[in-house]
Amino acid sequence: MCVKELLRDIEECRSRMIQLTASASFTDHSVVDTSTKLDQLLNKYYTLTAKK
């Protein structure tokens with residue numbers, strides 16, 4: 001996965017999480033799942049872009 005695709009996925013996941021939290025609590029299963037996925041995407045982005 002290239003960095004541009006990863007950034008797009010991060011933005012989509014972030015937007016989805018914002019939409020979910022507008023209608024559900026922060027502890028709702030779907031919000032937690034989306035947050036976990038966003039964390040994974042951000043970790044992957046950091047891994048790909050960190051200077052070695």
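Key figures
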{"item": "Any chance Leu42 is among the hydrophobic types (A, V, I, L, M, F, W, C) and in contact (Cβ under 8 Å) with a residue 24 or more places away in the chain", "result": "yes"}
{"item": "Segment 21-50 - residue that is closer than 22 Å to Leu6 by Cβ and of a type in the set (Phe, Trp, Tyr) and, of those, farthest from the chain's Cα centre (by Cα)", "result": "Tyr46"}
{"item": "Scan of segment 1-19 for residues that are loosely packed, with under 12 Cβ neighbours inside 10 Å and either touching a His at 6+ places or on another chain (Cβ under 8 Å) or in contact (Cβ under 8 Å) with a residue 40 or more places away in the chain (or both), ordered by number", "result": "Met1, Val3"}
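Taken together, the values in this text are just the output of simple stated rules run on the coordinates, not laboratory data. Only a predicted model underlies this, so the values are computations on that prediction, with no experimental measurement involved. Virtual Cβ from ideal backbone geometry, glycine too; neighbours counted across all protein chains shown.
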